[in-house]
Structures are given as structure tokens and as C-alpha cells.
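Participant: Here's a structure for you.
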Amino acid sequence: MLPWTRARRTPRARRTLAALILAVAALLTPTATATAAETAAPSSGWNDYSCRPSTDHPRPVVLVHGTFGNSVDNWLVLAPYLVNRGYCVFSLDYGQLPGVPLFNGLGPIDKSAEQLDAYVDRVLDATGAPKADIVGHSQGGMMPNYYLKFLGGADKVNALVGIAPDNHGTTLLGLTGLLPYFPGIDDLLTTNTPALADQVAGSAFITKLNAGDDTVPGVHYTVISTRYDEVVTPYRTQYLDGPDVNNVLLQDLCPVDLSEHVAIGTIDRVAFHEVANALDPAHATPTTCASAIG
């Protein structure tokens, strides 16, 4: 994301404006790789169970949305971005609560990990691939680690890429940072909502998740964070410690990138270029500010 701002705007307003402009640029800027698939409907771009992984990209990619997200809205930019680069891409809904439409990722996170377990099995069965790669945003970058550590997921997953994941928890105050992006969630923003209670630092869930090592052998981990994250703070708590971990700060790649917690996972092509590098490290190319229009 690159900033185009005017004077006398607040920092948050500047970041929001930059996010909106980048979203428009992503749709309007012609590039060598951009095709009609970038704006195709989800049913014609991803979640295509007839897709077979190629030799260049032999593993399907499973996208895991964040708290209050869903399998479509979270991925309107990243899913076509990856499909256009030759990946078989799939996304699931998880953590649904009765009587709460559209907003997912709210149920107990250990149960959400079980939903991910079943979904990965479905994708592997459909594609014939022995392993998948997982890319998740926010809770969706953290929850898969429970699947890897406690549900046998390490045998089925090659790489986990977390975009702004709350790997070591956050605070309920931090989670209120989501309010401007999801109108109508006020009544759900409480520790009575299971996934929110689970994500609070020091909760029984976070304590269990982080007991012992952060990672499991055989899985390649990447964490992509932004210094402007207002939800998972301090942003360095998102990082993992382990022998096969790459912790990336977005502003080290593009110092003028203003993405905050939501933008980095939904529209930021600088972050998405780094996702692509993590999925195919043998063919990685430098991620710079220019990646925003590439």
C-alpha cells in the first residue's frame, strides 16, 4: 500500500484513505499479470473443486478469514491474486454462531480448528494433493497453529502464512479496533463471545496454544505484520519463535506502507507479494513498494 494523503488528516484517516486508494488502484491499474480473473466472482475464481494443482504450484492454498470475517469478503483481492498466479485456492467459513449471519470466526477456537481440519481434508481429497498451504488473517493466522499442534495438521500442511495473526493473544481493548470496519458488531464485542474470550492474552486457549514450542517440525512458518496494527498490539507479539520461521515487518519492505490490521489482510498487495514469496520461496522476488501495483 502506498500513501496518497492531504494535509491535516489524522493518522487513522490517512491510513484509511490510502487503503481506499490502493483498493481502487488494484482494480483499475493494468499490469502484466492482471486479468479478468482479478475481478471474477468467487465461484469462477476460487473454491473450484475441479482445480488440479500444477507442477509449478503443487499444493492447494486454503485461506482462513479473521474474526467477524467470512470466506468471501476477506479474500476479494488475495484469492484472485493467487488464482491469477496459477494456484488452486479455497476458503472456508468457520466459527459461526446461531442467529449471527455474515459475521463468522466467533465460536470457540478449538472447535473452529476442527472445522479447518475437516475442510483441509476435503480440499486434499478433491485436488489429490498430499499437502496444502494455509494463509490466514488475524485469528485465521493464529487458529491454524492449533490445528497443526493438536489435531494432526502438521502431516497435511507444508506452510502456514499468518497475516497480522494474534499468535500470543491480544486484549479486548485491542479488539475494539475492529469496530469501525464491521458496523453492527457492538453487541458481539464481549468476552461472552467465545472466540473473543479465547483470543485475550492469558486465556486458557492462548495458554494451551503457546505451551512448549511456538511451532511444529516440518511446517514452514511466515508471519507478516504491520507496525500500524491497532488490534493485535504490540505488533511484535504476532511473531513466532522457531527454526523455520520468517517474521516480516511490512514497513521493512515498504517504509511508506500505512496498512493497519484490516488493510494488510484484505487489500495490501505489498503484503500479498510477500505471501506469494512464502508460498513459492524457490522463485521469490524482492518485495518493495512497487509490489503494490505488480
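The values are calculated or read from the model by the stated rules, or taken from the named source; none is laboratory data. Bear in mind the structure is a predicted one, so any value in this text is a computation, not a measurement. Because the Cβ atoms are built from the backbone with ideal geometry, glycine has one as well, and the counts that use them run over all protein chains shown. Note: areas computed on protein heavy atoms with side chains; ligands, DNA, RNA excluded. Shrake-Rupley method; radii C 1.70, N 1.55, O 1.52, S 1.80 Å.
Participant: For labels at L172 and T285 in the simple 7 Å Cα→Cβ model, what's the distance in nm?
Facilitator: 4.8
Participant: Given contacts defined as C-alpha pairs under 8 Å and at least six residues apart, what's the relative contact order of region 138-294, whole-number percent?
Facilitator: 24
Participant: Using a 1.4 Å probe on the protein chains only, how many percent of the accessible area of region 229-289 belongs to carbon and sulfur?
Facilitator: Percent of accessible area from carbon and sulfur atoms in region 229-289: 58.
Participant: Suppose the chain between S50 and L249 were pulled fully straight at 0.36 nm per residue; how much longer would it get relative to their current alpha carbon spacing?
Facilitator: That works out to 68.0 nm of additional length.
Participant: Where nothing but the Cβ of Lys and Arg (+1) and of Asp and Glu (-1) is charged, how large is the charge dipole of region 154-249 around its Cα centre, in debye to the nearest 20?
Facilitator: That gives region 154-249 a dipole magnitude of about 80 debye.
Participant: A further question on this structure: Assuming a ≥ b ≥ c are the square roots of the Cα gyration tensor eigenvalues, decide whether region 33-153 counts as rounded (a/c under 1.5), prolate (otherwise, with a/b larger than b/c) or oblate.
Facilitator: Oblate.
Participant: Now a separate question. Using a 1.4 angstrom probe and counting only protein chains, how large is the accessible area of S50 in Å², to 10?
Facilitator: 80
Participant: Rounded, prolate or oblate: which fits region 206-286, taking a ≥ b ≥ c as square roots of the Cα gyration tensor eigenvalues, rounded meaning a/c under 1.5, else prolate when a/b beats b/c?
Facilitator: The shape class here is oblate.
Participant: Between the alpha-carbon centers of region 65-114 and region 172-198, tell me the distance in whole angstrom.
Facilitator: 17
Participant: Amide H to amide H under 5 Å from A132: which residues, 5+ apart in sequence or cross-chain, H placed 1.01 Å off N in plane?
Facilitator: Long-range HN contacts for A132: V157, N158.
Participant: Using a simple spin-label model with points 7 Å from Cα along the Cα→Cβ vector, what separation in nm is obtained for S203 and L179?
Facilitator: 1.9
Participant: Calculate the length of the line joining the C-alpha centroid of region 260-292 to that of region 155-170, in whole Å.
Facilitator: After rounding, the separation between the Cα centres reads 16 Å.
Participant: Moving on. Could you rank K111, K149 by how accessible they are, 1.4 Å probe, largest area first?
Facilitator: Highest to lowest solvent-accessible surface, that is K111, K149.
Participant: By per-residue mean of other Cβ atoms within 10 Å, what is the highest-first order of 232-245, 156-169?
Facilitator: Those peptides, ordered most packed to least, come out 156-169, 232-245.
Participant: In angstroms, what radius of gyration and Dmax does region 45-89 have, counting Cα atoms only?
Facilitator: According to the Cα coordinates of region 45-89, Rg and Dmax are 10.8, 35 Å.
Participant: Where does each of E260, E230, E114 land when they are ordered by accessible area, with a 1.4 Å probe and the largest first?
Facilitator: Highest to lowest solvent-accessible surface, that is E114, E230, E260.
Participant: Taking the alpha-carbon distance from K131 and a cut-off under 18 Å, which lysines remain once sequence neighbours fewer than 8 residues away in the same chain are dropped?
Facilitator: Straight-line reach from K131, under 18 Å: K149, K156.
Participant: Before anything else, pin down the relative contact order of region 62-160: Cα pairs under 8 Å, at least 6 apart, normalised by residue count, whole percent.
Facilitator: The normalised contact order for region 62-160 reaches 31 percent.
Participant: Straight-line reach from K208: which aspartates and glutamates have Cα under 12 Å away, leaving out those fewer than 8 places along the same chain?
Facilitator: Within the straight-line cut-off, K208 pairs with D110, D198.
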